[in-house]
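Readers should treat all values here as calculations from the given coordinates under stated rules, not as data from a laboratory. Given the structure is predicted, the values throughout are model-derived calculations rather than measurements. Counting neighbours? That spans all protein chains shown, and the Cβs are built from the backbone with ideal geometry, glycine included.
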Amino acid sequence: MKTKLALAALTAAFAVSASAQDAPVDFEKQILPILKTSCFKCHEKEHEDNGKIKKPKGGLALDSAEAILKGGKDYPDENVVAGKPEASWLLKTMALPESDEYAMPPEGKGDRVSAADQELIKKWIAAGANFGAWKAVEAK
Ligand code: HEC
């Protein structure tokens, strides 16, 4: 009886860890902080900073779901392509070697996105790039 119980507990533990792995990526909790750290310095929507108008670089803002999907001047509609990480420039540019002229953030201009975080973004895009209830970073 005791063994049977222990076995049941063990199976339950495995089931929990498996489902945690398959849990959908939460954009606001898991992806947004990565973008804030590595990309926001240059890719926030047009705003005033110390009396100066700051425009998003490359016409790409990453602080709202709409802007993320809209993309920038060179790759409109291809910044994040739901279900297609390999077609999504958001991911492709951060995966380039730092010395590449298209690498994001540009060489020496910010924190590189770790391989683990890139994997998370890949998983999120592959699963349909769902933003959940998140729409945009609140105005400052
Ligand atoms: C220090 C400033 C800076 C940071 C930080 C930065 N970028 Fe950029 N980004 C640029 C500039 C400048 C361009 C425009 C390059 C051009 O047009 O030649 C650009 C363009 C892009 C483009 C192309 C947009 C288009 O459609 O034309 C993508 C995608 C991009 N960045 C993604 C990112 C991501 C993702 C991050 C964070 C991991 C990031 N960038 C961080 C400066 C930055």
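For the reader, a short list of remarks on this structure follows.
- Neighbours of Asn79, meaning other residues whose beta-carbon lies under 12 angstrom from its beta-carbon, give a summed charge of 0 when Lys and Arg score +1 and Asp and Glu score -1.
- Only aspartates and glutamates eight or more places from Lys55 in sequence, or on another chain, were considered; those with a Cα closer than 15 Å are Glu44, Glu46, Asp63.
- Pairs exceeding 25 Å between alpha-carbon atoms, taken from Lys54/Lys123; Lys52/Lys122; Lys29/Lys52; Lys45/Lys73: Lys54/Lys123; Lys52/Lys122; Lys29/Lys52.
- Annotation: extensible slack from Lys54 through Asp77 equals 6.0 nm (criterion: 0.36 nm per residue apart, minus Cα-Cα distance).
- Cα gyration tensor of the range 20-106 - equivalent ellipsoid semi-axes, whole Å, descending: 22, 16, 13
- Environment charge of Ala65, counting only residues whose C-beta is closer than 13 Å and scoring Lys/Arg +1, Asp/Glu -1: 0
- Cα→Cβ-extended label distance, 7 Å offset, between Leu120 and Lys70, nm: 2.7
- For Lys54, the amide hydrogen comes within under 5 Å of the amide hydrogens of His47, Glu48, Asp49, counting only partners 5 or more places away or on other chains and with H modelled in the peptide plane.
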